[in-house]
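The values are calculated or read from the model by the stated rules, or taken from the named source; none is laboratory data. Model, not experiment: these values are computed from the prediction. Counting neighbours? That spans all protein chains shown, and the Cβs are built from the backbone with ideal geometry, glycine included.
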Amino acid sequence: MKKSVLLAAALFAGSSAPAFAHLDPAEHGSLMAGLSHPLFGADHILAMIAVGLWAAQIGGRALWSVPAAFVATMVLGFVLARAGAPLPFVEPAILASVVALGLVVAVAVRLDATTAAAVVSVFALFHGHAHGGELGMAGTWSFAAGIVISTVLLHIAGIGLGMGLARLADRGVVTRIVGGIMAIAGATLIVG
């Protein structure tokens, strides 16, 4: 009994996460802070992987154009924030992006690559603005480079996941289920 209680306590302690989500960009505006920033927020991870999944579902030119549009518009949002341009409803739009992008994957929305790129660009503007607005005066461009690299890697992970799931003989059902789970996770972020 005593060993099982100790084991449970050790597992519980080992599974806990630190209270901070990532390096404080106001103090650590560095490449490492930028790299780590998107990797420690569920909203970032879910949205970026959903963009890759959706691009894989659409296929063709969308495999590169949809993620590229997201990254380019995210950089624009970052620059606007650094220039002091206000953008209303940034955090609600980011949370909405997780739900919306999860839903387009769940429903397997088929848009042409240009329209899909425009859709993700709307969300990317808010993601970029949030990143730029969180940064203090330290290391603006190295922080931005880190965020871009992490975002690209998350998009690639989503594309890889989407292409891997497409190989299953399930006619896209598993990918759609993953999209639904992402949308539900996004909804929990909103209410949580």
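Taking the conditions (1) in contact with an Asp or Glu (Cβ under 9 Å, 6 or more places away or on another chain); (2) at pLDDT below 95; (3) charged (D, E, K, R) in turn, Arg82 satisfies each one other than (1). Here Val119, Val109 are screened, and the one residue that is farther than 20 Å from Ala42 by Cα and in a helix (DSSP H, G or I) is Val119.
Taking (1) assigned to a helix (DSSP H, G or I); (2) surrounded by fewer than 24 Cβ atoms within 10 Å (Cβ to Cβ); (3) in contact (Cβ under 8 Å) with a residue 24 or more places away in the chain in turn, Val51 satisfies each apart from (2). When you scan segment 152-170, do you find a residue that is within 23 Å of Leu87 (Cβ to Cβ) and among the hydrophobic types (A, V, I, L, M, F, W, C), even just one? Yes.
The residue that is modelled with the lowest pLDDT, among those in segment 150-186 that are surrounded by fewer than 15 Cβ atoms within 10 Å (Cβ to Cβ) and more than 15 Å from Ile49 (Cβ to Cβ), is Ala169. All of Gly132, Gly146, Gly77, Gly102 fail the test of being modelled with pLDDT of 95 or more, out of contact with any strand residue (DSSP E or B) (no Cβ under 9 Å at 6 or more places or on another chain) and either over 26 Å from Gly180 (Cα atoms) or assigned to a loop (DSSP other than H, G, I, E, B) (or both), apart from Gly77.
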